[in-house]
1. I need every pair where a residue in the range 114-142 that is in contact (Cβ under 8 Å) with a residue 40 or more places away in the chain and surrounded by 15 or more Cβ atoms within 10 Å (Cβ to Cβ) has its Cβ under 6 Å from the Cβ of a residue that is of a type in the set (Phe, Trp, Tyr) and in a strand (DSSP E or B), sequence separation at least 6 or different chains.
2. Can you report the number of residues in the range 68-111 which are without any contact (Cβ under 8 Å) to a residue 24 or more places away in the chain and more than 12 Å from the chain's Cα centre (by Cα)?
3. Run down Lys75, Lys101 and say which single residue is in a loop (DSSP other than H, G, I, E, B) and either charged (D, E, K, R) or touching an Asp or Glu at 6+ places or on another chain (Cβ under 6 Å) (or both).
4. Taking the criterion of being among the hydrophobic types (A, V, I, L, M, F, W, C) and under 18 Å from the mean Cα position of the chain (by Cα), would at least one residue in the range 153-163 satisfy it?
Amino acid sequence: MKKLLCLSSILVISAALASCGNNNSSAIDRDHNASDHLNREPKQPKEDSISDTRIKLTFNNKEAVVRMYDNPTSKNFLAQLPLTITFEDYIGKEKISILQKRLSADDVQAGDLSKKGDFAYYAPWGNVAIFYKGSEDATNDLIILGQIESGKENVKNIHGDFTVTIEKVTE
């Protein structure tokens with residue numbers, strides 16, 4: 001009886017705390033998450049999770065591999081692949097390419113500082129960027145799509161405009 005009372009108290013407190021948060025999830029989702037936590041069952045990965053997805057950028061007989069982050073804009077970008085686009089240098093810190101089809105920036109927290117190796121989307125211009133140097137300048141419109149795992153120097157050392165084929169890496 002004590003365990004049941006304790007469990008129900010925890011559920012009520014969890015539900016109350018969850019309703020105070022600024023969260024867009026439904027009460028059913030919060031209750032489900034609270035009961036999962038209490039049962040201590042391991043969480044199953046979401047079927048639509050992209051946290052292990054990698055893309056390959058191929059250019060001038062070289063390549064770079066990017067591990068994609070799990071956010072809606074990254075998923076929107078992956079839906080456009082395979083893709084062939086032309087990059088150019090921008091301000092000595094990044095290579096950029098304007099996409100023909102803009103990505104959705106809804107429900108994504110933007111405003112990160114870029115760092116070396118970031119693969120990002122700049123919403124106002126509709127362009128993707130590969131940062132080969134970090135930036136101290138913050139912007140509220142930069143969405144980090146992923147991080148280069150290999151080939152950072154290949155991107156940094158290329159001069160002038162270059163064409164890149166981007167495709168998902170199949171395992």
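1. Val128/Tyr121; Ile130/Phe119
2. Qualifying residue count, the range 68-111: 5.
3. On the way: Lys75 fails: in a loop (DSSP other than H, G, I, E, B).
None of the others qualify; the one that does is Lys101.
4. At the first step, the residues of the range 153-163 found to be among the hydrophobic types (A, V, I, L, M, F, W, C) are 155, 158, 162.
Checking which are under 18 Å from the mean Cα position of the chain (by Cα) leaves us with none.
Scanning the range 153-163, I find no residue that is among the hydrophobic types (A, V, I, L, M, F, W, C) and under 18 Å from the mean Cα position of the chain (by Cα), so the answer is no.
Rule-based calculations on the coordinates, nothing more; no lab input. Fair warning: this is a prediction, and the values are worked out from it, not measured in the lab. Please note: Cβ atoms are built from the backbone with ideal geometry, for glycine as well, and neighbour counts cover all protein chains shown.
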